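Undergrad: I am attaching a structure below and will ask some questions about it afterwards.
The values are calculated or read from the model by the stated rules, or taken from the named source; none is laboratory data. In this text the structure is predicted, and so the values were computed from the model without any measurement. Ideal geometry is used to build each Cβ from the backbone, glycine not excepted, and the neighbour counts take in all protein chains shown.
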Amino acid sequence: MKGTEVIVQALRRAGVKVLFGYPGGALLPLFDALMDARDLRVILPRHEQGAGHMADGYARATGKVGVAVATSGPGATNLVTAIATAYMDSVPLVCLTGQVKTFLIGNDAFQEADITGITRPITKHNFLASNPEELPEIMTAAFHIARSGRPGPVVVDLPVDVTLADIKSPLPDTPTLPGYHPRYDPNPRQIQRAADLINRSERPVMYVGGGVIASEASALVKRMAERANLPVTTTLMGLGAFPETDRKALHMLGMHGTVYANFAVTNTDCLIAIGARFDDRITGKLSAFAPEAKIIHIDIDPTSVSKNVKVDIPVVGDAARTLKLLTPKLKNLPRQEWWDQIDQWKKRHPLKAGGGKGVKPQYVVEELYKLTKRRKTIIATEVGQNQMWAAQFYTFTKPRTWISSGGLGTMGFGLPAALGAQVGRPDHLVVDIAGDGSIQMNIQELTTAAGNNLPVKVVILNNGYLGMVRQWQELFYRRRYSSTLLRDTNPDFVKVAEAFGCTGLRVERRGEVVPALKKMIATKGPVVLDVVIGAEENVFPMVPAGEAINRMMGMT
């Protein structure tokens with residue numbers, strides 16, 4: 001087979017149905033082969049970063065490996081931000097990058113870049129396919145590594161001459177990876193220790209992260225919470241892992257989490273972390289995080305255990321397999337005093353909109369939820385205030401319905417990720433909740449939406465600022481709004497939408513919000529709804545950097 005045939009066969013064997021890619025000289029042989037592969041759909045973005053985020057959104061929405069393709073040099077380097085985004089959030093991607101011919105590598109050839117060196121710190125693994133006979137093994141290994149264990153991105157760098165070479169080696173059924181053995185089954189002794197601790201606890205809290213969604217363990221989390229009568233809080237990446245309509249839900253914790261979630265974690269005597277990594281936006285001041293708790297940490301990645309917070313009972317293993325073993329060992333205890341305290345916190349400190357003038361973004365998100373809660377809906381976001389308002393005020397009840405950049409906080413993520421999610425879940429309404437700053441970073445992908453008949457809806461919460469940065473400048477820099485004012489130079493988003501072949505709508509008054517949302521949802525094809533909100537509306541509660549999570553600004 002030619003190298004390109006090996007790649008196409010490997011894609012098919014891995015179950016790939018769609019690729020997001022931008023062609024170039026170093027990848028012309030592959031794109032030529034893809035033209036004959038009628039069973040593989042290729043979505044052409046308008047920027048390679050868009051291709052990476054589309055593959056990411058596709059992977060998050062479906063649970064499958066997303067595939068992004070970019071040519072050598074600037075094409076490959078344009079993928080870097082998307083790769084880093086997926087790496088931080090444990091998203092399975094395979095990124096195929098073009099490379100100059102093998103005998104030119106290291107000679108500063110035209111459009112040459114050491115993409116394997118560049119991406120080594122931000123990939124689960126990467127390959128430079130310099131030997132044609134190794135290509136079948138590499139392609140098989142890439143998909144296996146990306147989806148197994150703790151998922152993550154893998155880069156395969158493809159020199160032109162390798163893709164054109166005649167290759168005798170067949171595609172193996174399984175890769176040969178002697179040093180790679182993810183641990184799925186937990187230690188039974190650790191399971192028993194965890195069960196005993198939970199059964200002895202009086203004020204337990206389940207702390208659930210994105211690893212639960214990756215493991216398809218959401219139903220098991222609910223079963224465990226019901227059996228042992230446990231309150232459940234989720235990270236930003238864990239939204240949807242536990243239904244927020246359930247009485248046991250504490251909703252999101254951390255820097256912009258609910259008051260009652262942060263209070264509960266601060267006062268718990270047993271914190272059960274499942275598929276979460278104790279990042280700084282969750283813990284705040286480490287010495288004050290869950291100070292009275294014994295900590296159980298269930299995670300498939302042993303390097304995450306006790307990395308940031310020292311744990312008492314580490315349980316290394318797949319979340320789903322672990323919960324299946326742990327849950328039957330738990331007792332159903334009333335813990336009435338603990339629940340009375342939690343209910344009191346919820347009653348005293350609900351999430352609500354702040355002061356200030358103009359349309360309230362919190363109201364927009366709440367009304368969007370009311371209009372979409374009975375239909376299959378996926379919410380994607382950009383990054384900034386828009387992301388936090390969406391996380392706080394949309395109610396998530398199912399996994400893989402929340403698509404957002406967590407660890408890297410990548411502005412420009414939401415629109416292309418929403419397009420990838422729409423490709424993967426065509427039966428869902430996909431809405432990107434955006435800010436006027438973040439949306440402009442990859443706004444060119446509106447033409448990808450229109451050109452591919454992807455009916456994504458974009459709601460821009462337009463405050464005329466880089467909102468989250470402005471909020472920090474207001475609170476900590478004496479309102480010195482340095483380089484954050486956008487209002488005077490923003491484009492007309494309605495006209496921009498129309499220029500890209502989409503429908504454009506605008507809202508400036510509260511009474512216009514619901515009718516506009518209804519029209520947006522009912523309109524066929526992609527829609528951009530520009531909602532003018534109060535310029536200085538802030539996201540609260542907010543834990544200042546380096547402070548304990550129970551010391552929040554803007555508590556109601």
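Undergrad: Pull up the stretch 283-295, narrow it to residues that are surrounded by 15 or more Cβ atoms within 10 Å (Cβ to Cβ) and touching an Asp or Glu at 6+ places or on another chain (Cβ under 7 Å), then point me to the one that is farthest from M224 (Cα to Cα).
TA: Top of the filtered list is K285.
Undergrad: Same structure again: Output yes when any residue across the stretch 375-384 is in a loop (DSSP other than H, G, I, E, B), acidic (D, E) and either touching a Leu at 6+ places or on another chain (Cβ under 9 Å) or under 28 Å from Y87 (Cβ atoms) (or both), and no when none is. It would help to see each step written out before you state the result.
TA: Step one: of the stretch 375-384, the residues in a loop (DSSP other than H, G, I, E, B) are 375-376, 382-384.
Next cut, acidic (D, E) only: 382.
This time we only want the ones that are either touching a Leu at 6+ places or on another chain (Cβ under 9 Å) or under 28 Å from Y87 (Cβ atoms) (or both), so: 382.
Yes, that holds for at least one residue.
Undergrad: If L27 meets every condition in (1) over 19 Å from V162 (Cα atoms); (2) of a type outside the set (S, T, N, Q); (3) more than 23 Å from the chain's Cα centre (by Cα) apart from one, which number is that one?
TA: The number of the failed condition is (1).
Undergrad: Sticking with this one: What are the pairs, 6+ residues apart or on separate chains, where a residue within the stretch 390-412 that is in contact (Cβ under 8 Å) with a residue 12 or more places away in the chain and outside the structural domain of D280 (by TED's automatic domain parsing) has its Cβ under 8 Å from a residue that is outside any loop (DSSP other than H, G, I, E, B) and of a type in the set (D, E, K, R)?
TA: If the second residue must be outside any loop (DSSP other than H, G, I, E, B) and of a type in the set (D, E, K, R), the pairs left are F393/E366; Y394/E366; R400/R60; I403/R60.
Undergrad: Between R120, R60, which is surrounded by fewer than 20 Cβ atoms within 10 Å (Cβ to Cβ) and touching a strand residue (DSSP E or B) at 6+ places or on another chain (Cβ under 9 Å)?
TA: Of the residues listed, the single one that is surrounded by fewer than 20 Cβ atoms within 10 Å (Cβ to Cβ) and touching a strand residue (DSSP E or B) at 6+ places or on another chain (Cβ under 9 Å) is R120.
Undergrad: Just to be sure, is K307 within 30 Å of V514 (Cβ to Cβ) and not hydroxyl-bearing (S, T, Y)?
TA: no
Undergrad: Further, regarding this structure: Looking only at the stretch 16-46, count every residue that is assigned to a loop (DSSP other than H, G, I, E, B) and either of a type in the set (V, I, T) or free of Cβ contacts under 8 Å to residues at least 40 places away in the same chain (or both) and tell me the total.
TA: 6
Undergrad: If you go through the stretch 535-556, how many residues are surrounded by fewer than 18 Cβ atoms within 10 Å (Cβ to Cβ) and within 21 Å of R510 (Cβ to Cβ)? Step through it out loud before you land on a result.
TA: Taking the stretch 535-556 first, the residues surrounded by fewer than 18 Cβ atoms within 10 Å (Cβ to Cβ) are 535, 544-547, 551, 553-556.
Checking which are within 21 Å of R510 (Cβ to Cβ) leaves us with 535, 556.
Residues in the stretch 535-556 being surrounded by fewer than 18 Cβ atoms within 10 Å (Cβ to Cβ) and within 21 Å of R510 (Cβ to Cβ): 2 in total.
Undergrad: Just one of the numbered conditions (1) surrounded by 14 or more Cβ atoms within 10 Å (Cβ to Cβ); (2) touching a residue at least 40 places away in the same chain (Cβ under 8 Å) is not true of D185; which one?
TA: Here D185 meets the rest and fails (1).
Undergrad: Shifting gears a bit: Output the residues belonging to the stretch 228-287 that are among the basic types (K, R) and in contact with a helix residue (DSSP H, G or I) (Cβ under 9 Å, 6 or more places away or on another chain).
TA: R247, K248, R277
Undergrad: Follow-up question, since we're still on this one. Quick check on the stretch 466-482: of everything there that is touching a helix residue (DSSP H, G or I) at 6+ places or on another chain (Cβ under 9 Å) and either touching a residue at least 12 places away in the same chain (Cβ under 8 Å) or of a type in the set (V, I, T) (or both), which residue is farthest from P541 (Cα to Cα)?
TA: Once the filter is applied, the top-ranked residue is Y481.
Undergrad: Which condition from (1) surrounded by fewer than 21 Cβ atoms within 10 Å (Cβ to Cβ); (2) modelled with pLDDT of 95 or more; (3) not assigned by TED's automatic domain parsing to the domain that holds N126 is the one that G179 breaks?
TA: (2)
Undergrad: Might you let me know whether the stretch 63-82 holds any residue that is farther than 30 Å from D432 by Cα, hydroxyl-bearing (S, T, Y) and surrounded by 24 or more Cβ atoms within 10 Å (Cβ to Cβ)?
TA: Checked against the condition, which is being farther than 30 Å from D432 by Cα, hydroxyl-bearing (S, T, Y) and surrounded by 24 or more Cβ atoms within 10 Å (Cβ to Cβ), the stretch 63-82 yields at least one hit.
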